[in-house]
Structures are given as C-alpha cells and as structure tokens.
Amino acid sequence: MFKPFTPKSKFKRLFWIALVLFYTIPKQDSAQAQVSMTNQVSTALGNTGSGFVGALQAVDINPARLHTFEFPNRRYRVNLNVLPFGLVLQNNSMDVDLYNSLFGKTSNGIVGDEKNTWTDEDKNLLLSSVDDIFEINANLSFSLFGISYHDDALGSLAFTITDKIGFSGNINKDFFVLSLHGNAAFLGETISFNESKASSWWYREYGLTYARDITAEIPLAIRKALQLREVTGGVTLKFISPIGYADANGEGTTLYFTADGDSISGYGKYTYRKSLSNQLENDDSDSSPFPFPESAGVGYGISIGFSGKINDNLSIGLALNDIGVISFTENVEINEVDGRIDFGGFNEIFDGDRVEAQADSLEDIFNEVTSTNGFRVWLPTHLRLGGALTLKAPFLFFDCT
C-alpha cells in the first residue's frame, strides 16, 4: 500500500542548499532604483522577502528581519558579507527573442559588415511590442562590506557599505514611429514628448541597522486582532555619498507637421542636470574613483521595518524603505532650454528674410540657460508588504511496499 514519508535529514540539507543557491541567482526586479544584492532573493520568493529573508540579506528589504531568521534554526552570532552583488536589466516592451529577431546578426544571417535591413513587417512588429511609453531600467548593486552581530536579548546590529549604480529612461512611442516611418505618420498632427526623460546615478550608502524583539511593546489587543505571536522592529540609518548623477526631462517639447508635410513647427523645452565628483569630472585625475571615490555631495536616508510571526510556519513583514534625500554640490551644471522653431518649407529657401528667421528660431531652441547652483534628488521611497509560508516537508514521497 501507499504510505507517505518525509525526506531524511541528509536529503533535507541538500534540498535547502540547492534552494538557497537558486535564490541567490539574480532575478528581474520590477522596482526602479531599488535593486540590491538581496532583491533577487525577494523576487525569487514572489516579492515576499519582507516576510522571510533574514540576517544581512534582509537589511535592504526589511531591517526588522535582521533579528528574525527561520532557516537555519541555529543562529550565528556574527555574519560577514564581502562583495555580494545583484544586477537587473529590464524593459517593458522587448524580450530576448524579439531583440535577436530584429537586431541579431546570427538570427538574421548577417556576415561581416553587412547591414541588417528591416522590412515593413519588422517595423510593425517592433511598434506593436512597444507601449505608449517605452521604459528601460538597468541597476547594479554590490556590497563592499557587511557585518552583523546578533544577541537574542539585546537585538541585532549591522553595518553595511553598498554601492548602487543605475540608469532609468522613458521614451515616447512617437519617437519610434517617427524614426521608422518619418513624419508621414503625423501629417496635420502635433506630437508631444512630455513623457520622455532619463536619469543615471552612482552613490554609496553607509548603513547602520538595529533590530530587536518588540513584542512586549505592542498592545495585547493589537496582537490578538492581527494574530501576531512575535513581533520584531528594525531601523536603518543611512549616510549617502553621491559620486555622480545626471538627468534630462523633455517635458514641454512638441512638433507639428503640416498636412502636406512641407512645414514643421515645434516648441523645445527641456532640462538637463548633472553633478560629478572631481575624479569623474576631470579626465586627467591621478586617482581612480574605485574603491575610494570622492563625493559629489551628501545625502541621508532611513528605512523602517516590522516583522510578525503568526505561527511557526507563517510570517508577515512591512517595511518603508529609503526615506531621504541627496544634495549635489560638486561640479554642478543645470541647462534649461526653452525656444520655438518654425520651418516654412523648402520653397522659401530663396527668401533671405525667411531663412534668417528660421535660423534665429534654431538658435533660440538651442539657447541654454546654465546654472551651477546645487540641486536635490529624493531617494526612491517604496513600501514593501509581504508574507511567507514555510513548508516543513517541501516534497511528499510515496512508498509502494
């Protein structure tokens, strides 16, 4: 007859080792500017890392989890991490197969310096995949150093040094249509590029995290109402050293094409800001920005988290991360463009006055107002809410004897 049994202890150990190795493989993360060397764990767990991940891995997800750890049952007093990292590359419109189909040399049989020629079908395939706003995000995070100390009674304390590098951009779909089909697709229409923007950053976080059991501080009525048996709380204080930042915003930029396509008028309005450390600004700098980069300003942040255990197998977590701001003061440059352009058509190129007016409009649209005043950028504040169910026996086997 059939009788169920659970895996033996040695098999359990091998299973959990394999599971942990799988969880540490970087996975795609939907959050912008929030990647860390631990976010791939959260994503692998269905974004419930705020309710499960513990020890040093928990600092960027939910600081309360620094003091709560379900596996292994034996808790190490001191934990040390050196150079764990996470990498995310994400867009909202194109997968690897479509990219290879349109751009890949091998998939298109291109040899040497041959050019890849797109058919109308290829162009329509690309446009059908692109949303109204094309989004692209790339984030790299690595921890130079992390150490934590755990005491059941006093709580857990951790210190981390983490570098975060990334790029985020939005492009209006009209840009793709214009580049593939020209202005024939917009005759008699005004197109806007208000949603087009991009930003890139590199900053270093020095984080100090403390977490402990706060069950006694939570009123009994609240614990009963939420069915909480154990509650931990944690906070991370962050000192941020920005190394480089740049962003551009095309809000207010429009183009109008006449019905015959001969005339164009437009309004250009965009803002570009940057701030770089001296090592990045000066190409002839003798010192390398890594591993000890100079700062381009200063920033501060805080993360707060709570974790509750309902029973031995079910945990929930809540965290509000990255509340703070970065001020950029070094090598600042702010360019603001605000101008109008009018092109009356090629039939007017022999009219000297008209040509001069068009040249003036071109000059106006590229006329920049430059400032060197510092500016501030808010941290990407985000809320995490998750739960996790621990299965004591992940697989069920049947003995047919």
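Here are some notes:
- Flag for F142 being crowded, with 16+ Cβ neighbours inside 10 Å, in a loop (DSSP other than H, G, I, E, B) and not basic (K, R): no
- Taking the stretch 102-124 as the range and being surrounded by 15 or more Cβ atoms within 10 Å (Cβ to Cβ) and in a helix (DSSP H, G or I) as the test, the residues that pass are L102, D122, K123.
- Taken together, the criteria exclude K164 from residues that are more than 19 Å from I61 (Cβ to Cβ), in contact with a strand residue (DSSP E or B) (Cβ under 9 Å, 6 or more places away or on another chain) and not polar (S, T, N, Q).
- Here D132, D151, D163, D174 are screened, and the one residue that is surrounded by fewer than 13 Cβ atoms within 10 Å (Cβ to Cβ) and under 32 Å from the mean Cα position of the chain (by Cα) is D132.
- Scanning the stretch 221-271 for residues being open to solvent by 70 Å² or more (accessible area, probe 1.4 Å) and not in a loop (DSSP other than H, G, I, E, B) gives a total of 12.
- Where a residue in the stretch 130-143 is within 9 Å of L89 (Cβ to Cβ) and its partner, wherever it lies, is of a type in the set (A, V, I, L, M, F, W, C) and crowded, with 16+ Cβ neighbours inside 10 Å, with Cβ under 6 Å and at least six apart: A138/F167; N139/V35; N139/V88
- For the stretch 272-282, filtering for residues that are part of a strand (DSSP E or B), of a type in the set (D, E, K, R) and open to solvent by 40 Å² or more (accessible area, probe 1.4 Å) leaves 1.
The values are calculated or read from the model by the stated rules, or taken from the named source; none is laboratory data. Given the structure is predicted, the values throughout are model-derived calculations rather than measurements. Cβ sites come from the backbone with ideal geometry, for glycine too, and all protein chains shown count toward neighbours. Calculation scope for accessible area: heavy atoms of the full protein, side chains included, ligands and nucleic acids excluded. Shrake-Rupley method; radii C 1.70, N 1.55, O 1.52, S 1.80 Å.
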